[in-house]
1. Tell me the relative contact order for the stretch A:33-87 as a rounded percent, counting alpha carbon contacts under 8 Å between residues six or more apart.
2. Given the peptides A:154-162, A:80-88, A:124-132, arrange them by the average over their residues of other C-beta atoms within 10 Å, most packed first.
3. Rounded to whole Å and sorted largest first, list the principal axis extents of the Cα atoms in the stretch A:87-202.
4. How much net charge surrounds B:Ser78 when only the other residues with a Cβ under 13 Å from the Cβ of B:Ser78 are counted, with Lys and Arg +1 and Asp and Glu -1?
5. Taking 7 Å along the Cα-to-C-beta vector as the label spot, tell me the A:Leu297-A:Gln250 distance in nanometres, rounded to one decimal.
6. From the phi of every residue in the stretch B:142-157, what ³J(HN,Hα) in whole Hz does the Karplus formula 6.51 cos²θ - 1.76 cosθ + 1.60 yield, where θ is phi - 60° and glycine or proline is x?
7. Around A:Gly152, with a cut-off of 14 angstrom between Cβ atoms, what is the net charge of the other residues, counting Lys and Arg +1 and Asp and Glu -1?
8. Give the average, rounded to an integer, of partner chain Cβ atoms located within 10 angstrom of each Cβ in B:161-170.
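Just so it is clear, none of the values below were taken in a lab; they were calculated from the coordinates. Worth saying up front: this structure is predicted, and the values here are computed from it rather than measured. Because the Cβ atoms are built from the backbone with ideal geometry, glycine has one as well, and the counts that use them run over all protein chains shown.
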Amino acid sequence: MVTVDSSTVEPETVEPGKAVERLNRPRRRRGIQTTRGYRVFQVVNAVVLTGVVVVTLYPFLNIVARSLSDEAYIIAGEVSLVPRGFNIDTYQLVMSDSLFWTNYRNTVVYTVVATAIAMVMTTCFAYVLSKHHLKGRTVLIGIAVFTMFFNGGLIPNYVLISSLGMTNTIWAIVLPNAISVFNLLVMKAFFESLPVELEEAAAVDGLNTYGILLRIVIPLSKALIATMVLFYAVSFWNSWFAAFLYMDRQDLLPVTVYLRNLIAGAVGAENVGAVSEANEVQAEATLKAVTIVLTTLPILLVYPFVQRYFVSGVMLGAVKG
Amino acid sequence: MSAPTTTGPPPVAAEPAGPAPGARRRTRKHRRSWRQALRRDWQLYSLAILPLLFFLVFRYLPMLGNVIAFRRFQPGGSIFGEYWVGLRYVKMFLTDPTFWEVFTNTLILGTLTLIVCFPLPIVLALLLNEVRTRRLKRFVQSVSYLPHFLSIVIVAAMVMQLLSTDGTVNQIVQATGGDPVPFLQRPEWFRTIYVSSEVWQTVGWGTILYLAALTTIDDNLYEAARIDGANRWRQTWHVTLPGIRPTMVTLLILNIGTFMAVGFEKILLLYNPLTYPTADVISTYLFRMAFQSSNFSYAAAIGLFEAVIGLALILSANAISRRTVGTSLW
């Protein structure tokens, strides 16, 4: 039985906190910096960065304010940061729509299934590609990397998926995106950085390749795997186009397409005739705002806790280059 | 061993045909070592089977599927089409005035996005790098990364709310004495809207790699520059920027590679027939060709053209950068 104490062998890059730590470490003072010009610069800089924060956050706050406001105030153009005519009626309205919840549940199911499949596929292939002695490794890497720069395009993909009979099934969303080459390369680079001695020792102890992967490599890569899960989960959670293209049954759509159909009701590419009907846009202003808030909420709630994993994931990818 | 097939899951690059005797010896040796490799590493190869199937079916098959650009295609028929029609569809789009219109729009939107969205993360990273208060820096970073994680549908929805006749932008317009403008229905505004929402969503996240590169610059270089009498500005110019140059070049190449594929999904969500004159790009045009006019072969021909240009762009950007600055993707 091989046991590995992950705290002792974890290479530096494993700890996502550390990578972020390094990123956030203030640069050591470059000597005495008290010239007048530099002090002015510091003030201007603080103002500019505050501006960045305000501009980034404003749309969120605006949507929240609109979602809690009375329709009449919105149409009058009086809602910016503070809700006017505060009420939560529209929230109740949207949340009582069973289609909204069906689609929300679909999003959760699609994300979980797709992420699980993507993780298995990516981990297996990345592990194979990390073995330098493997014959044909370069060809395998080439097969994956080439698809980053050239792809079949929308039409052949659509023709393929429909002829495989995957329309109106979860597989049209899950399978065509089962491996992201970027994530694959990040994992491969990480596996390459693991000490070989551990795997050799495990092999001597009688573990086969599958055992080594499951019992040694994966436990050593927990932090990285968390990062990859997040990368995949966010991309599947946010995706809408595959469902939009391959699904025509309302009850199968993810919530992103629900939102899309709601906003496209007025100014969408599909509804050519409805463009000029500005009234329709306004009658649903609160409804849209509420749906946007409810769709964005999970991401906003999780974001503060997982942000550093994303950052470290990007940095791992960058090390590989 | 009779047929010259390559056994085993990993596809093997075909041996180039050389002089007969030498080639045969090489092939035999090659094959024997393949057998050894398979015997030793079959468990590893077995792990690669499903991923390889994925790449073959969902990545390489569609590439082959592009032959329908040169064949008559019937929905429901073979995915490779029915019979050859040669360059009919290529000629068709080359003589299609709408195609050239959307081609121009693609170039303009791509160029604008590149010019605006490439340098801004560098500027923001440099500004963040000068922040002395660690808390403030971390807060600004966290906030500015946030939009990156939103679905493009949410971003489009927010843009629509902000730009609607009762939205914030029009409130400002009215406060300064103007009349409300239905921005999303005005072609002259589309490019501005597209690029600024792109800035909002990508600039913060784009700083990560630069900030990482900035921490790797040796402090002694700044020390030396200061002894040579360089002020802050000159230190930035002569030490900081050269220090992050490899990162800049790499990201520039990657940006150029996605130049042709300008935000298809966002445009699809934000445009409408009124804004087609500036908003319609190659990818949205071929989308409509396929799914509204059911002209799949024509759309595939346009798509292939776009993909080939994209590939050519990234290859040449990479080659140029390798020659001139010595940085390349591979």
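1. Dividing the mean separation by the residue count of the stretch A:33-87 yields 28 percent.
2. Listed from highest to lowest mean packing, they are A:154-162, A:124-132, A:80-88.
3. 62, 36, 23
4. +1
5. My value for the distance between the label points is 2.2 nm.
6. Coupling constants for the stretch B:142-157: 4, 5, 6, 6, 3, x, 4, 8, 8, 5, 4, 5, 5, 4, 4, 5 Hz.
7. 0
8. Average neighbour count from other chains, rounded to a whole number: 6.
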